[in-house]
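Colleague: Quick one: the structure is below, and I'll ask about it shortly.
The values are calculated or read from the model by the stated rules, or taken from the named source; none is laboratory data. Here the structure is a predicted model, which means the values were calculated and not measured. Glycine gets a Cβ as well: all are built from the backbone with ideal geometry, and neighbour counts include every protein chain shown.
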Amino acid sequence: MNDIHGRLNNISTLLGSMGLGEVTPRFDKIVRPETSSFPDETKIFGRDMELEKILGLIGAPTHNSTHSKRKRETGAGDASRRILVRNKLSNESRLPDLPVLPIVGIGGVGKTTLAQHISSHPRVKSHFDTIIWICVSGDFDVKRLTKEAIESYPGKESTIDNLNSLQHALANKLKNKKFLIVLDDMWDDALKENGQCWKRFCAPLKNVLLGSMMLVTTRSPMVANLVRSMEPIILEGLKDDVFWDFFKLCVFGSKSSNDFPELELIGKDILPKLKGSPLAAKTLGHMLQDDLRTSHWNSILENELWELDQRTTEILPALRLSYIYLPFHLKRCFSFCAVYPKDTKFEKDCLAEIWAAEGFVKRQGGIPIQDIGCQYFNDLLNRSFFQEIQGKYLIHDLLHDMAQKVSEDDCFIVKRKDDFKRIPQNVRHLSVLSSTDIAYSNLLRLGQYKKLRTLLCYKSLANKKTPASLMEDWCSKLTRMRVIVCASMNELPASIGKLKHLQYLEISRACSITGLPATICQLHNLQVLCFKRCKLESLPSDFSMLVNLWRFESQGFKYGPNIGRSQKEEPYYGVNLDADNDERGLGCRLIKNMKQLRGHLEISNIDRLNKDHSEEAELKNKEYLDKLTLQWCFSECKMLHLKYFIDTSIRAEWEMEVLPDLQPPTGIKSLVLDFYPGLSPPRWFQPQNLPSLTSVSFLHCGGLEIAAELVDINNASIGFSFLTDLIINGCPRLSSLEELLHPAYLPVIKKIAIMHCRNLISVPTERFGDFRCLEIFRVLDCGKINSQSLTAPSLKKLVLGKNTFGWDESHGNLTDNIQCSSLTYFFLSSSHLTSIQLQMWNLPALQELSISYCRSLTSIGQPGQVFTRGNGSARVLSSLTSLTIRWCEELSTIDGLLEEKYLPSIESITIANCGSLSIQGKKFGVFSSLKDLKVSGCPRIKWGGIVLPSSLQSLHLSGCEDVSSFIPSCLENLQSLVSLKISECPHLRSIPGHLWSSTLSSLQELEIMFCPDLVSIGGAEDISELKNVLIGSCKKLKGIEQSVRRGSFLASKKQEQRVKTSSNSVWCMPTRDWGWR
């Protein structure tokens, strides 16, 4: 076998050296002929809404304005008038980038027809000076497309072949034209070179006249996302009534369907097969029109589209273009889906596992092959081969027909008894539906198809009529099988061990199977074993020989990916055992022989676990386990929170019985104790028992009073030598961490988080200097901490509090004295802190400081005082580049902080929602490195006299009171300003128009919103050179027609998905995205 594999690799290398590889498919002009802007159909059906929407988006005038424009143009006959018009055009507003509107839909849905009707529409012709139509189709060749754009001018045939000259020629022809360019039928090759190909084509289409536009038609959502500057138009199939009218026209032409009542009824039954596709209606309509006999129509009704004569229909050949253009690995994956019946609801992970089992997925380093299969699925989804519906996925019926056509020799679906006669002899993938006329004698015949690799049997085999020999026969004869999915069966035969290539075995319905034959352990290639609704009571003793097992499921038990207790938590790979739902202890019995158990084992409701079950699990033998979570019942721990008495003798007896069996294997890296009721950690929580431990979490341990036993500092081997992460959260009875946070006990600790321990007093922060590796320290809601100082020379990130309202946040006196010479990030939030004494902070390396939600804070620092160190040098925040202060409602002054000597390197200042804050004088002007200033929701700041430094690049003001004395005078020296945003600033009345083009010569982004008293900012010509502009909701503004939106403000914002949280989120720093407006 190795010899064959080596020879194949040599042949592959030789082919590569000869330049012989996978060929990029080319388009067949017969199947997809070249298009033009002239509509093939004189009338368009069911697209009135889309047509009007696109006309509005491209700025086409209404009928009245179109008539007025034509009248004006008719009166402009002399040459001098035309010269004046041209000069006026050259001075009009310009756009830095050409707006692009994609039209997206599957093949045959009518994208090109809609684009043709738009480009030939009278309102469009009157609005644009030039309309360019380019049929892209086969190859996104920048030179060819540019040449075609030039040649779209009458009599202009391009003779040059140099791309630079071609692009200059195109730019010159379009520079004073308001134009519409249509790129019809764009494919994924526009994405090549990481999108550089597309950017190269667009290079001459810069700085175009306002109103110019590009339309793109494509089947690929990926292409649409690359090119779009606004939301794409998604074309679906035509709606039922409109589609029926179109179908009748295609079939009967000018005749009335009422003359053929019987055919009309058959036609209405045919209609759902076409899924609203105009191309399908047109081509199938012609087939029906050729023969008006009911027998012919019934034949078409009873057959699938893929079974029709493809020479007489354009439907599947047109759709097949999408398939031809797929990479080879995606072709195999998609064509395989033809083995599933129409309207199958696919689960991404499950299908990816089956693709991997079939050998369709190519390994990439150490990435799990199933994850690569999921990426394949996403690639097909992005190309519209799947449609997402409520978390599951469907294949469009027409695409399913196409898949069946391209795989007709490999895939087959048995729907009824007669279909057995039609099974291809070399079929590889077969599914059998649950038709009542299929006898079990028919199923026995499947043994003759020796090349079968996939069998999906949706017909139940779990009844008395099923011969016991059926599965025996399949397992003996179909030895090439890789995937078997059966609805149900009575038992799994011992002959299953003969299927050496089997990688995926699933029983999808409930049945009487309670055990597995020992021979199943011979299936060393098995990756997925799924008996989701079967109550397996035990596993064979050699079950650990299934070394490639990726996922294993039975009723109440799942081992594999995507395990998690709730939607809020990040899923993990491993096992969750809930003792509350497993009174018989089946879960513990199942994992007994799973020595190959990997990943994360979570056991919940441990207080419901009895001694026999816990002992049977044999946790200590699971040597490949990475993480163990032990979770007790919440209600018991809640009693501890309410200070109910616990009978310690009962607790001790319970601990002696169950806890020893829960001792993790020595190789465990992460341990979580959740709602643990003990007064001290389990007795096995010792460094010698857990030598590989890197992370430990005590969560909601209501009874925990002692976090660690007394440490013998003279014993060098006492510590957790690999433990780097420690989380203590929700331990209200814990008062001291002196023993646990000892350098000898945690010699390499990097991260410490202590949260919601409201009676915690003693935290030895003054000796954190002995933690040589400590980098992150986080404290939340621990108001009784009493510390002399926080001294940690290695600490890099310090988080005291949380970035939200709601918590009664306090962290004792930790802010009183902070000596952290390496600290670069400091987030501070406290509901009780009243002042910050900067002289007690020694933070020379601090780069980012955020003070938020300090509701009682009144002052920061002391004005006019700069404190010194012992060596006489000033104790300043010399490295601080970013300062954020927000939601400190009582804060009245920060004059003691806004000192040039304190903040010599400051680059960014954000102040938000500090209603009492007052700033006067030239405070900001003294910071020569300041680039970014954001102020919002601070009505008491007096802007008169405030000076800004010339270094400023971004100025954002929102919710400020009277800034009329500040603007425009403050803008006079801001030659470096790139972004200016002003919002919700009453009393601001005018900004001189000359500022935009003269003083603010670097300005690229201007946003002015919700300024009710603003009257003037100049005219449209004053802001015509600005690339990105948003102006709106300024009721009194004159000289500019609102709303103005261009450049980056044209691009639609993609909705951000909320990121799932996990225990690792404890270490995520609070976000800096404070929002604007």
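Colleague: Show me the helices (runs of 4 or more DSSP H) found entirely inside the range 213-272 where at least 1 residues are within 30 Å of Arg94 (Cα to Cα).
Modeller: Where helices (runs of 4 or more DSSP H) fall fully within the range 213-272 and carry at least 1 residues being within 30 Å of Arg94 (Cα to Cα), they are 221-227.
Colleague: For the range 519-549, which positions are in contact with a strand residue (DSSP E or B) (Cβ under 6 Å, 6 or more places away or on another chain) and of a type in the set (Phe, Trp, Tyr)?
Modeller: Within the range 519-549, just Phe531 meets the criteria.
Colleague: Still on this structure, please answer the following. Return yes when Asn759 is surrounded by fewer than 17 Cβ atoms within 10 Å (Cβ to Cβ) and at pLDDT 90 or above and no when it is not.
Modeller: Yes.
Colleague: Continuing with this model, one more query. Here are some conditions: (1) of a type in the set (Gly, Ala, Ser); (2) surrounded by fewer than 22 Cβ atoms within 10 Å (Cβ to Cβ); (3) over 16 Å from His429 (Cα atoms). Gly373 meets all but one. Which one does it not meet?
Modeller: Single failed check for Gly373: (2).
Residues are listed down the side, and each one gets a yes or a no for (1) in the same structural domain as Arg480 (by TED's automatic domain parsing); (2) in contact with a strand residue (DSSP E or B) (Cβ under 7 Å, 6 or more places away or on another chain); (3) closer than 24 Å to Ser335 by Cβ; (4) not in a loop (DSSP other than H, G, I, E, B):
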site	(1), (2), (3), (4)
Ile413	yes, yes, yes, yes
Phe420	yes, yes, yes, yes
Val427	yes, yes, yes, no
Leu430	yes, yes, yes, yes
Thr436	yes, no, no, no
Leu444	yes, no, no, yes
Lys451	yes, no, yes, no
Leu455	yes, yes, yes, yes
Thr466	yes, no, no, no
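Colleague: From the list Lys178, Lys173, exactly one residue is within 22 Å of Leu55 (Cβ to Cβ), crowded, with 16+ Cβ neighbours inside 10 Å and not polar (S, T, N, Q). Which is it?
Modeller: Within the list Lys178, Lys173, the selection yields Lys178.
Colleague: I'm trying to understand the selection: among the residues of the range 955-980, which are closer than 25 Å to Tyr902 by Cα and surrounded by 17 or more Cβ atoms within 10 Å (Cβ to Cβ)?
Modeller: Matches in the range 955-980: Leu955, His956, Leu957, Cys970, Leu974, Leu977.
Colleague: Taking the range 724-752 on its own, how many of its residues are part of a loop (DSSP other than H, G, I, E, B) and basic (Lys, Arg)?
Modeller: The qualifying residues number 2.
Colleague: So which residues in the range 1005-1038 are crowded, with 18+ Cβ neighbours inside 10 Å and in a loop (DSSP other than H, G, I, E, B), if there are any at all?
Modeller: Cys1011, Leu1014, Ile1017, Asp1022, Ile1023, Leu1026, Cys1034, Leu1037
Colleague: Would the range 786-803 turn up any residue that is at pLDDT below 95 and touching a Pro at 6+ places or on another chain (Cβ under 6 Å)?
Modeller: Looking through the range 786-803, at least one residue is at pLDDT below 95 and touching a Pro at 6+ places or on another chain (Cβ under 6 Å).
Colleague: Return the residue satisfying two criteria in turn: it lies in the range 797-806 and is free of Cβ contacts under 8 Å to residues at least 60 places away in the same chain and touching a strand residue (DSSP E or B) at 6+ places or on another chain (Cβ under 7 Å), and of such residues it is farthest from Ser859 (Cα to Cα).
Modeller: Of everything passing the filter in the range 797-806, Leu798 is farthest from Ser859 (Cα to Cα).
Colleague: Might you check whether a residue that is under 16 Å from Pro1070 (Cα atoms) and either among the small types (Gly, Ala, Ser) or within 33 Å of the chain's Cα centre (by Cα) (or both) occurs anywhere in the range 784-797?
Modeller: Checked against the condition, which is being under 16 Å from Pro1070 (Cα atoms) and either among the small types (Gly, Ala, Ser) or within 33 Å of the chain's Cα centre (by Cα) (or both), the range 784-797 yields at least one hit.
Colleague: Now a separate question. Quick check on my filter: what residues within the range 741-753 are without any contact (Cβ under 8 Å) to a residue 40 or more places away in the chain and either surrounded by fewer than 19 Cβ atoms within 10 Å (Cβ to Cβ) or under 40 Å from the mean Cα position of the chain (by Cα) (or both)?
Modeller: If the condition is that a residue be without any contact (Cβ under 8 Å) to a residue 40 or more places away in the chain and either surrounded by fewer than 19 Cβ atoms within 10 Å (Cβ to Cβ) or under 40 Å from the mean Cα position of the chain (by Cα) (or both), then Leu741, Ala744, Leu746, Pro747, Val748, Ile749, Lys750, Ile752 are the ones that fit.
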